[in-house]
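Peer 1: Sharing a structure here in structure tokens format.
The values are calculated or read from the model by the stated rules, or taken from the named source; none is laboratory data. The structure displayed is predicted, hence computed values, not measured ones. Cβ placement follows ideal geometry from the backbone for every residue including glycine, while neighbour counts extend to all protein chains displayed. Areas reflect the complete protein model, heavy atoms only, side chains present, ligands, DNA and RNA absent. Shrake-Rupley method; radii C 1.70, N 1.55, O 1.52, S 1.80 Å.
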2 protein chains.
Amino acid sequence: MESYKIVLVGAGRVATQLGKALVTAGYPVLQVYSRTEASAMALANSLAEHSNFPVEGTTSLVDIRKDADLYIVALKDSALQELVPALVQGRSQGLFVHTAGSIPMDIWKGLTPRYGVFYPMQTFSKWRSIDFETVPFFLEADSAADLQCLRTVAEHLGSKVYEVSSEQRKYLHIAAVFACNFANHMYALSAELLAKQGLPFETMLALVDETARKVHELSPVEAQTGPAVRYDQNVIQRHLEMLSDEPLMQELYEKVSQSIHCLGGRKHEEMPD
Amino acid sequence: MESYKIVLVGAGRVATQLGKALVTAGYPVLQVYSRTEASAMALANSLAEHSNFPVEGTTSLVDIRKDADLYIVALKDSALQELVPALVQGRSQGLFVHTAGSIPMDIWKGLTPRYGVFYPMQTFSKWRSIDFETVPFFLEADSAADLQCLRTVAEHLGSKVYEVSSEQRKYLHIAAVFACNFANHMYALSAELLAKQGLPFETMLALVDETARKVHELSPVEAQTGPAVRYDQNVIQRHLEMLSDEPLMQELYEKVSQSIHCLGGRKHEEMPD
């Protein structure tokens, strides 16, 4: 792996977690680009601590190394689109990949010969380390050889690898929005309701954990519980009245209940109520 | 605990899991009532296997023992309301409690002298055993002595105990609907989207687990990630267009995104996109 030189473009959460995993797996991450000096240096220094290779930080696009084998671009969507032309310039021998699930592979097309997508499906925190052995990678590349390259890297991180098209990946991303962002928002609304009653959100944690564990064994539709799946109108009506001073929450309660009832109701389990 | 005789009214998922935990903790559960012979006997026999006491099954309300100390009523809401008068008849020395989170304690008032609520906050499956050490109990009773009784039993199961009013418990139940039922439905919608692309829901499990784990350390609002919290209109608009053949899912996407944006945006983390 020594000859497999990597440049990280970006120093946010994805770049940070991925960079740490790459150096831990023995890959030479030789450079970190970020728009701000502070974040470029912070990540470069942090990676250097775990690496056998020096790691340079830079804020200058033209100073990005020209001799890397793999450029991993982990930027916000808007910055990614904007920087692509400058990134590829004079680096046509390198393989360029982005980590953004919702951006098609074609953003690279016609601008550089070797490109792909290296999308780790996880929610990344600045403070929490991610165990990449549990993180699936969704890969796409313009050539079979480069796809194999990306597969090798992801598998070295211990990750499960899926090859998907840009079209499939768009739906993966929206599926992740539902399973992660929107599920978390349901926790947030729960916390809001509890706070008004002077109750801590920790009272929900056993329930949150069990809800997540169940879908390892049952499909989410089979695991669905609660008044909506049974269409218990008494409970639903009472809950809607209780939410009358929270119009948006009330509307969400009603819509989600309808949606549960539409999707499910075939097989279900029960919730204490 | 030998003298602390318990009757279980109901043989559904809550009664089953609670009954098993009670006999395992050494409590004499002497009788199980259910409307159907098969479920009364199935639970009675299953409990007898783990108990030092015989466990009887009955389908007759009048045959419910008159000498129990504690009657734990774990029935569906509608059945509970209907059966209360017949249950208490001639059993005025016993302590009656129900396990239903959304039903006020007052359903017992004026009908029997000793009553309360014994509400375990968890989503119960028929097949999955529940570790009651992780399950919070929310208790309420008409007298301090009976509240202490219930506290003793719950603590013997290893559970964390909270005393709450009927008013607070109503909100607890609706908070649980959000944190469990609605979060699970977000998984279900995610699975739907994936299935249409020929992708398995297992691709989401690392994300589901990490989303649940994060709220042990951060508040859900702090843990919120994704396009909505950043209000990334490009991504949101693209996602809404992708959902155009799923009007209910599309509407939910829009409403949940609005709600995330309203509630959060103060502190947030990032999701790869």
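Peer 1: Which of the residues belonging to the range A:19-66 are touching a helix residue (DSSP H, G or I) at 6+ places or on another chain (Cβ under 8 Å) and assigned to a strand (DSSP E or B)?
Peer 2: Residues satisfying the conditions are A:Val29, A:Gln31, A:Val32, A:Tyr33, A:Glu56, A:Gly57, A:Thr58.
Peer 1: Considering only the range B:97-105, I want to know if a residue exists there that is open to solvent by less than 70 Å² (accessible area, probe 1.4 Å), under 22 Å from B:Ser143 (Cβ atoms) and small (Gly, Ala, Ser).
Peer 2: So in the range B:97-105, the residues open to solvent by less than 70 Å² (accessible area, probe 1.4 Å) come out as B:97-105.
Those left that are additionally under 22 Å from B:Ser143 (Cβ atoms): B:97-101, B:103-105.
If we keep only those that are small (Gly, Ala, Ser) too, we end up with B:100-101.
Yes, some residue in the range B:97-105 is open to solvent by less than 70 Å² (accessible area, probe 1.4 Å), under 22 Å from B:Ser143 (Cβ atoms) and small (Gly, Ala, Ser).
Peer 1: Quick check on the range A:97-107. Is at least one of its residues within 20 Å of A:Tyr33 (Cβ to Cβ) and part of a helix (DSSP H, G or I)? Spell out the reasoning first.
Peer 2: Of the range A:97-107, the ones within 20 Å of A:Tyr33 (Cβ to Cβ) are A:97-100, A:103, A:107.
Narrowing the set further to residues that are part of a helix (DSSP H, G or I) leaves A:107.
The answer is yes; a qualifying residue exists.
Peer 1: Sticking with this one: The conditions are (1) at pLDDT 95 or above; (2) under 23 Å from the mean Cα position of the chain (by Cα); (3) under 17 Å from B:Glu163 (Cα atoms), and B:Val84 fails exactly one of them. Which is it?
Peer 2: (3)
Peer 1: Then there's this: Restricting to the range B:16-47, name every residue that is under 21 Å from B:Ser129 (Cβ atoms), of a type in the set (A, V, I, L, M, F, W, C) and open to solvent by 40 Å² or more (accessible area, probe 1.4 Å).
Peer 2: Passing the criteria: B:Met41, B:Ala42.
Peer 1: Answer yes or no as to whether A:Glu155 is in contact with a helix residue (DSSP H, G or I) (Cβ under 8 Å, 6 or more places away or on another chain), closer than 22 Å to A:Leu95 by Cβ, more than 7 Å from chain B (Cβ to nearest Cβ) and of a type in the set (Asp, Glu). I'd like the intermediate steps shown before the answer.
Peer 2: Values: in contact with a helix residue (DSSP H, G or I) (Cβ under 8 Å, 6 or more places away or on another chain): no; closer than 22 Å to A:Leu95 by Cβ: yes; more than 7 Å from chain B (Cβ to nearest Cβ): yes; of a type in the set (Asp, Glu): yes.
No, not satisfied.
Peer 1: Okay, moving on. Within 14 Å of chain A (Cβ to nearest Cβ) and not in a loop (DSSP other than H, G, I, E, B), is that true of B:Phe118? Let's see the steps before the verdict.
Peer 2: On the way: within 14 Å of chain A (Cβ to nearest Cβ): yes; not in a loop (DSSP other than H, G, I, E, B): yes.
Here the answer is yes, as B:Phe118 does meet what is asked.
Peer 1: So, A:Thr203, is that one touching a Pro at 6+ places or on another chain (Cβ under 7 Å) and of a type in the set (S, T, N, Q) or not? Before you say what the answer is, go through the steps one by one.
Peer 2: Working: touching a Pro at 6+ places or on another chain (Cβ under 7 Å): yes; of a type in the set (S, T, N, Q): yes.
Spelling it out, A:Thr203 is indeed touching a Pro at 6+ places or on another chain (Cβ under 7 Å) and of a type in the set (S, T, N, Q).
Peer 1: Scan the range B:116-144 for residues that are surrounded by fewer than 20 Cβ atoms within 10 Å (Cβ to Cβ) and of a type in the set (A, V, I, L, M, F, W, C) and jot them down.
Peer 2: B:Trp127, B:Ala144
Peer 1: Going by the conditions given, is A:Arg13 at pLDDT below 95 and farther than 18 Å from A:Glu155 by Cβ?
Peer 2: Values: at pLDDT below 95: yes; farther than 18 Å from A:Glu155 by Cβ: yes.
Considered against the rule, which asks whether it is at pLDDT below 95 and farther than 18 Å from A:Glu155 by Cβ, A:Arg13 comes out as yes.
Peer 1: Which count do you get for residues in the range A:3-15 that are open to solvent by less than 20 Å² (accessible area, probe 1.4 Å) and closer than 16 Å to A:Asn45 by Cα? Step through it out loud before you land on a result.
Peer 2: First, pick out the residues of the range A:3-15 that are open to solvent by less than 20 Å² (accessible area, probe 1.4 Å): A:6-11, A:14-15.
Retained after the next criterion (residues that are closer than 16 Å to A:Asn45 by Cα): A:6-11, A:15.
Within the range A:3-15, residues that are open to solvent by less than 20 Å² (accessible area, probe 1.4 Å) and closer than 16 Å to A:Asn45 by Cα number 7.
Peer 1: With the requirement that a residue be in contact (Cβ under 8 Å) with a residue 24 or more places away in the chain and hydrophobic (A, V, I, L, M, F, W, C), what does the range B:125-155 give you?
Peer 2: Residues satisfying the conditions are B:Ile130, B:Phe132, B:Val135, B:Phe137, B:Phe138, B:Leu139, B:Ala141, B:Leu147, B:Cys149, B:Leu150, B:Val153, B:Ala154.
Peer 1: Show me the helices (runs of 4 or more DSSP H) entirely contained within the range B:170-254 in which 3 or more residues are closer than 23 Å to A:Leu193 by Cα and open to solvent by less than 10 Å² (accessible area, probe 1.4 Å). Break it down stepwise before answering.
Peer 2: Numbers: elements: B:183-196, B:205-214, B:220-223, B:227-230, B:233-242.
The helices (runs of 4 or more DSSP H) meeting that bar are B:183-196, B:205-214.
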